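Below you'll find the structure, written out as structure tokens, and then a few comments.
Laboratory data are not the source of any read-out in this text; all were calculated from the coordinates shown. It should be emphasised that the depicted structure is a prediction, and the values quoted were computed from it without experimental measurement. A quick note on method: Cβ atoms are made from the backbone with ideal geometry, for glycine too, and the neighbour counts reach across all protein chains shown.
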Amino acid sequence: MLININPVLSPELLFHLRSMGHGEKLILADANFPSNTTNEKVIRLDGVNIKDAATAILSVFPLDSFVTSKGGSPAIRMEVDDKPDELTETHKEFIDAVKTVSGENWKVGSISRKDFYEEAKKAYCIVTTTDARPFGCFVLTKGVILPDGKVWT
């Protein structure tokens, strides 16, 4: 047992989160995403929804400020087809998790479904949930932790 580690974070997931370097991407996917055909590293979080998975992951995962300095976002949501500005309930929960856990200053960007699939092929790993709500897929880019334990911003 460990202190202050969210129980959603399995040993396998913790291993991969720790193994990732800055700038590497993690895909957080809903139950409908075809993860096994997209990437070799798939970590299952059965019985977990997107909000709980994002909250747990972000509790130990620094977001990448370098992406922000280049006009991008280290947290990205998959857009609804033909409605890129529409926010689903899952999107709103993810955005709330980012703001609550990582801080209000982080903006959540968006990406088309087609471009999301391309990002997933290149990602370090895919974390799948059993959240069945559509368009509940996200990209997180890992940032840098300074010697004092704070996130590079």
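Per-residue Cβ neighbour counts within 10 Å put Arg18, Arg44 in the sequence Arg18, Arg44, beginning with the fewest. A simple rule links phi to the HN-Hα coupling: the Karplus curve 6.51 cos²θ - 1.76 cosθ + 1.60 with θ = phi - 60°, which for segment 61-76 gives 10, x, 7, 8, 6, 5, 4, 5, 5, 9, x, x, 9, x, 10, 10 Hz, with x for Gly and Pro.
Counting other C-beta atoms within 10 Å, which of Lys99, Lys70, Lys51 has the fewest, and how do the rest follow?
Arranged by neighbour count, lowest to highest, Lys99, Lys70, Lys51 become Lys70, Lys99, Lys51.
PRE reach from Ser59 (point 7 Å along Cα→Cβ): which of segment 1-39 fall under 17 Å by backbone N? Answer for segment 1-39: 1-18. Between Met1 and Lys70, full extension at 0.36 nm per residue minus the direct alpha carbon distance yields a gain of 20.9 nm.
In this rough spin-label picture, where each label sits 7 Å from Cα along the Cβ direction, the Arg113-Glu89 distance is 2.0 nm. Between Thr100 and Thr37, the FRET efficiency estimated from the beta carbon spacing at R0 = 30 angstrom works out to 0.35.
Springs join every pair of Cα atoms under 10 Å in this Gaussian network model of the chain, and among Asn49, Asn39, Asn105 the largest mean-square fluctuation is at Asn105. Once the mean 1/r over all distinct Cα pairs of segment 74-143 is inverted, what Kirkwood radius in angstroms do you read off? Evaluated on segment 74-143, it is 12.6 Å. Other residues with beta-carbon under 10 Å from the beta-carbon of Lys142 carry, at +1 per Lys or Arg and -1 per Asp or Glu, a net charge of -1. Normalised by 2.2 N^0.38 Å, where N is the number of residues, the C-alpha radius of gyration of the chain stands at 0.96. About the centre of its Cα atoms, the chain shows a dipole size close to 360 debye [charges on the beta carbon of Lys, Arg (+1) and Asp, Glu (-1) only; nearest 20 debye].
Of the residues Phe66, Phe15, Phe33, the one that moves most in a GNM of the chain with alpha-carbon contacts below 10 Å is Phe15. Over the chain, what is the mean sequence separation of C-alpha contacts under 8 Å (at least six apart), divided by residue count, expressed as relative contact order in percent? Relative contact order here is 43 percent.
Rounded, prolate or oblate for segment 1-74? Axes are the square roots of the Cα gyration tensor eigenvalues, ordered a ≥ b ≥ c, and the cut-off for rounded is a/c under 1.5. In terms of gyration-tensor shape, oblate. Return the single residue from Pro11, Pro74, Pro84 with maximal mean-square fluctuation; model: Gaussian network over the chain, springs between Cα atoms under 10 Å. With Cα springs under 10 Å in the chain, the top fluctuation among Pro11, Pro74, Pro84 is at Pro11. As an exercise, use a Förster radius of 30 Å and the Cβ-Cβ distance of Thr153 and Arg44 to find the FRET efficiency, rounded to the nearest 0.05. Approximately 0.40, to the nearest 0.05.
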